[in-house]
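Read the figures in this text as sums done on the coordinates, not as results from a lab. Model, not experiment: these values are computed from the prediction. FYI the Cβ positions are ideal-geometry reconstructions off the backbone, even for glycines, and counts take in every protein chain you see.
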Amino acid sequence: MKKIIFLVLGLAVLFGCSNNKAIKMIPAEKKLQIANDFFDNGKYNKAIPYYQEIIFEKNSSAVSDAQMKIADCYFYQNKFTEARFEYEEFIRLFRDAKNINRAYFQIGVCYYEDSLPAHYTQEDTKNAIDAFETFIEKFPFDSLKKNALDYIQNCRYKLLEKKYYNGYAYYKMFDYQAALLYFDEIIVLGNKNEVDRLSLYGAARIYIDRQDVDNAVLMQNKLEQRYPDSKETKKINKLIKRKFKL
């Protein structure tokens, strides 16, 4: 059985080496044509070796395009970490390329796509914001600027969600002081969205549990002003009426 496994592995390596040698023998223009045909048909894994060979030659006018296409090959396969590395290589190697703006933009998208749900650590979300801000700083009039701003807005909302989940976790552990720190950071922004509504509700519940009438009513009023028909507002109204006879 082991002999069969080693034979299969040996044949795979031999075939891979032979395939690479065969690619090397093809003229650069033909390599590019084959690679582009694979790329256009969505056969990204097959396209990559041809683009890589073009880059290794270094004397082809298509080197920068090949580097960008390798990054795109990984990107379209949802291999965002690999794609980001290749976009970064493109920027490092071809600083004067006409499409370098897109490489900067795509780095932000890769970070965004790699970012975890809001319950988890948000390093990639923060990196995405930094990448998009770098893109806007370098290319303030680029056609992709609006898309970059939309991504930044989504990232910032995700960071707010993370703050809310942190606050909620402390609330469930009855560490009300820590919970309020997170809820207050969201509430003070004055945004009308889900995390603001839930933070107001969480803060109101804490003040009710603490028998802090003034702050409970303050949160109640904010809920009524911002979300008059929400279920959270109705719940707090009932709780305050029952607890404080108001």
_Proportion of all alpha-carbon pairs of segment 174-246 beyond 14 Å (%)_ = 53
*Please give every one of the aspartates and glutamates within straight-line cross-link reach of residue 98, meaning a C-alpha to C-alpha distance under 13 Å, and leave out same-chain neighbours fewer than 8 residues apart.*
65, 142
*Which helices, taking whole DSSP H runs in the chain, have alpha carbons extending 15 angstrom or more along the helix axis plus mean Kyte-Doolittle at least -0.5?*
2-25, 44-57, 63-76, 80-93, 100-114, 176-187, 194-209
*asked:* Student exercise: in segment 174-246, how many lysine pairs 8 or more apart or on different chains have Cα atoms under 22 Å apart?
replied: 18
*Candidates 87, 151, 207: whichever shows maximal mean-square fluctuation once the chain is modelled as a Gaussian network with Cα springs under 10 Å*: 207
*So what are the radius of gyration and Dmax for the Cα set of segment 53-212, in Å?*
20.9, 76
*Going by C-beta contacts inside 10 Å, put 219, 173 in order with the fewest on the left.*
173, 219
